[in-house]
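The values are calculated or read from the model by the stated rules, or taken from the named source; none is laboratory data. What you see is a predicted model; the values in this text were computed from it and never measured. Positions of Cβ are backbone-derived with ideal geometry, glycine not excepted, and every protein chain shown enters the neighbour counts.
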Amino acid sequence: NPKTGTVTFDIKNAIKDIKAGKVEFRADKQGLLHVPIGKMRFSEDELMKNFSTLADAVLRAKPAAAKGTYMKTVYLTTTMGPSVKIDPKQLPLEVKEYLGQ
């Protein structure tokens with residue numbers, strides 16, 4: 001897809017980005033994001049860093065015209081497993097600062 005950079009003439013940089021773990025995200029019709037943040041072999045610290053980076057990117061992408069709470073709830077799940085609601089008090093410090101908590 002040319003919009004996401006998967007069709008490109010700059011093959012070297014595209015491969016570099018993919019190997020580095022570049023992830024694109026966009027909301028579905030209900031405003032939900034389905035984004036991988038890691039694999040089973042990742043440590044808790046690696047998963048927290050990835051989640052923090054994702055949350056930062058989502059909040060930075062917030063349109064200026066968007067009012068109110070932008071990130072209302074967070075659920076974590078494995079690919080085919082049940083979801084677990086994340087308590088906003090347990091979010092990384094960087095995310096809490098964006099949310100004003």
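Odds and ends about this structure:
For every residue, the table says whether it meets (1) under 22 Å from GLY81 (Cβ atoms); (2) assigned to a helix (DSSP H, G or I); (3) modelled with pLDDT of 75 or more; (4) small (Gly, Ala, Ser).
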| position | (1), (2), (3), (4) |
| --- | --- |
| ASN13 | no, yes, yes, no |
| ILE18 | no, yes, no, no |
| GLY21 | yes, no, no, yes |
| LEU32 | yes, no, yes, no |
| MET40 | yes, no, yes, no |
| LEU47 | yes, yes, yes, no |
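- The set of residues from the stretch 56-94 being at pLDDT below 80 and touching a Ser or Thr at 6+ places or on another chain (Cβ under 6 Å) comprises PRO92, GLU94.
- Scan of the stretch 55-68 for residues that are in a loop (DSSP other than H, G, I, E, B) and surrounded by 10 or more Cβ atoms within 10 Å (Cβ to Cβ), ordered by number: ALA61, LYS62
- Flag if THR8 is part of a loop (DSSP other than H, G, I, E, B), polar (S, T, N, Q) and either at pLDDT 75 or above or in contact with a helix residue (DSSP H, G or I) (Cβ under 9 Å, 6 or more places away or on another chain) (or both): yes
- Residue pairs whose Cβ atoms lie under 9 Å apart, separated by 6 or more positions or on different chains, with the first residue in the stretch 45-59 and under 16 Å from TYR70 (Cα atoms) and free of Cβ contacts under 8 Å to residues at least 40 places away in the same chain and the second assigned to a helix (DSSP H, G or I) and basic (Lys, Arg), do not occur.
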